[in-house]
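The values are calculated or read from the model by the stated rules, or taken from the named source; none is laboratory data. Note that the structure is a prediction, hence the values are computed from the model and not measured. Note: ideal-geometry Cβ built from the backbone for every residue, glycine included; neighbour counts use all protein chains shown. What goes into the accessible areas is simple: the full protein's heavy atoms, side chains included, and nothing from ligands, DNA or RNA. Shrake-Rupley method; radii C 1.70, N 1.55, O 1.52, S 1.80 Å.
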Amino acid sequence: MKKELLILGIETSCDETAVAIIKNGREMAANVVASQIESHKRFGGVVPEIASRHHVEQITIVIEEALQQANLTMAEIDAIAVTEGPGLVGALLIGVNAAKALAFAHNKPLVPVHHIAGHIYANRLITELKFPLLALVVSGGHTELVYMKEHGHFEVIGETRDDAAGEAYDKVARTLHMPYPGGPHIDRLAQEGNPTIPLPRAWLEEGSYDFSFSGLKSAVINAVHNAEQRGESIAPEDLAASFQASVIEVLVKKTEKAVAAYGVEQILIAGGVAANKGLRQALEHAFSKNPGIELVIPPLSLCTDNAAMIAAAGSVMFEKGIRAGLDLNAIPGLDIELYNG
Amino acid sequence: MNQFERISTNSEETGQFAAGLAELLHPGDIIALEGDLGAGKTTFTKGLAKGLEIKKNVNSPTFTIIKEYKGRLPLYHMDVYRVADSYEDLGFDEYFNGDGVTVVEWAHLIDEQLPEERLTIFLYRLEEDRRKMVFVPTGNRYEELCKEIFK
């Protein structure tokens with residue numbers, strides 16, 4: 001007699017080696033993340049080869065640790081969920097191959113998961129999803145507005161046309177000679193400064209939910225450059241505050257417009273940039289006047305890459321009957337709309 | 001070494017020039033793009049993609065390192081900034097010898113892995129929107145290509 005669904009999730013798309021076990025789609029039985037940020041700091045960014053090597057070293061240890069934390073054995077697990085993309089190919093492959101080996105050795109079904117679907121489903125570990133919903137996904141590689149009319153169905157209604165929001169943070173941090181990862185540094189600095197430097201907001205065409213952060217990045221570089229040529233210097237905290245104000249205003253306004261146009265019940269925030277304090281405050285402020293719509297912002301530990309979110313999304317996909325064969329491959333540029341369950 | 005120069009007054013002009021170049025490209029052509037942050041590498045590649053009749057939006061490949069697009073010819077868009085001098089086999093050769101056009105941003109960082117014959121384009125920010133584009137061809141194919149572009 002089997003009464004609960006236990007999914008083991010594996011995530012290795014970038015610089016975190018993570019394994020988690022989720023019970024019945026929503027309860028966290030184990031959540032282990034081995035971060036590599038320290039190893040990549042001195043290179044000013046994630047170095048793919050180093051990331052892959054770390055994943056190889058960590059993956060079996062992390063799987064063992066997750067099983068121990070949950071006090072479970074592989075025999076009790078119902079299926080293995082794994083990130084198939086998007087991400088760094090060499091990093092993804094470690095997780096995919098570990099998942100395939102586990103599935104083969106223990107004769108368990110294999111469930112492929114889209115990384116962004118995972119970020120969205122991190123919210124289901126906080127509260128039950130209410131459809132239709134809108135997810136604002138903001139991370140180092142993604143800036144997207146995703147509309148979901150039901151479980152496992154993803155429609156991208158807006159995306160970045162150039163740089164992702166997190167990427168703009170990292171590049172601006174690089175211009176200000178701040179260490180990697182740049183986002184938290186800019187966020188902290190922004191809290192100390194004032195948005196006194198005029199920077200552009202890219203609204204794009206009327207009715208578009210797309211984003212563009214490349215012009216903003218160039219404007220920041222121009223501001224620094226022009227000040228240097230005049231022999232002046234700009235207070236970095238004011239520049240950070242001005243940059244952050246521009247990013248947040250565009251993210252929040254576009255989300256508000258999409259929420260109104262699509263008449264959603266719930267707004268989910270997902271991805272690493274959701275850890276940004278300024279963004280959290282602005283979203284809470286914007287949607288507090290709208291009590292009919294629930295705003296969900298996951299805790300920091302579920303915003304950054306983790307495997308609990310992969311197991312959570314994997315649980316839904318498992319129940320929808322999504323399976324992969326042992327020929328599952330890593331797809332670095334996987335499109336979320338092609339992943340619809 | 002031959003080199004060719006062109007000043008562009010704004011990003012539209014940079015894009016149009018890149019689109020014009022795209023019309024002359026063949027399968028297997030390799031373009032190395034060099035320039036600081038904000039110099040216009042992605043803008044240039046967007047123009048090139050347009051000239052290759054690629055309909056999908058071309059955005060920054062910084063995160064995934066390689067992005068592929070379908071057009072008149074396939075476009076392989078790479079940002080190797082994070083690859084630096086690592087020797088990971090990302091399957092670059094398959095792209096370089098493939099049926100498409102490869103654009104490599106920050107190409108000098110993987111100099112040893114790049115084919116010797118290629119077109120290197122340096123983008124320099126002059127002020128605000130003005131950019132200088134310097135084309136340096138290596139090998140016959142790319143010398144002819146440059147003569148064709150700048151005739």
Would a scan of the stretch B:77-89 turn up a residue that is more than 9 Å from every other protein chain (Cβ to nearest Cβ), closer than 21 Å to B:Leu123 by Cβ, open to solvent by 10 Å² or more (accessible area, probe 1.4 Å) and modelled with pLDDT of 90 or more?
no
Across the stretch A:214-243, what is the total count of residues that are under 19 Å from A:Met178 (Cα atoms) and part of a loop (DSSP other than H, G, I, E, B)?
3
Are any of the residues in the stretch B:26-38 open to solvent by 20 Å² or more (accessible area, probe 1.4 Å), within 12 Å of chain A (Cβ to nearest Cβ), farther than 22 Å from A:Leu204 by Cβ and in contact (Cβ under 8 Å) with a residue 24 or more places away in the chain?
yes
Residue among A:Asp210, A:Asp163, A:Asp238 that is under 17 Å from the mean Cα position of the chain (by Cα) and of a type outside the set (Lys, Arg)
A:Asp163
Enumeration of residues in the stretch A:244-264 that are part of a loop (DSSP other than H, G, I, E, B) and open to solvent by 20 Å² or more (accessible area, probe 1.4 Å):
A:Gly263
Apart from one, (1) of a type in the set (Asp, Glu); (2) within 25 Å of B:Glu5 (Cα to Cα); (3) facing chain A (nearest Cβ under 10 Å) all hold for B:Asp111; the odd one out is (3)
Check the stretch A:193-205 and report whether any residue there is within 30 Å of A:Leu129 (Cα to Cα) and away from chain B (no Cβ under 14 Å).
yes
Which count do you get for residues in the stretch A:178-207 that are part of a loop (DSSP other than H, G, I, E, B) and within 14 Å of A:Leu251 (Cβ to Cβ)?
4
From the list B:Thr64, B:Thr45, which one is of a type outside the set (A, V, I, L, M), in a loop (DSSP other than H, G, I, E, B), open to solvent by less than 60 Å² (accessible area, probe 1.4 Å) and closer than 21 Å to B:Asp111 by Cα?
B:Thr64
If you go through the stretch B:119-151 one residue at a time, how many are assigned to a strand (DSSP E or B) and either touching a Pro at 6+ places or on another chain (Cβ under 8 Å) or open to solvent by less than 20 Å² (accessible area, probe 1.4 Å) (or both)?
9
Please go through the stretch A:265-274 and give me each residue that is under 17 Å from A:Met148 (Cβ atoms) and open to solvent by 10 Å² or more (accessible area, probe 1.4 Å), ordered by number.
A:Glu265
Enumeration of residues in the stretch A:153-176 that are more than 9 Å from chain B (Cβ to nearest Cβ), part of a loop (DSSP other than H, G, I, E, B) and either at pLDDT below 95 or open to solvent by 10 Å² or more (accessible area, probe 1.4 Å) (or both):
A:His153, A:Leu176
Within the stretch A:188-232, count every residue that is on the phi > 0 side of the Ramachandran plot and exposed (fewer than 13 other Cβ atoms within 10 Å of the Cβ).
2
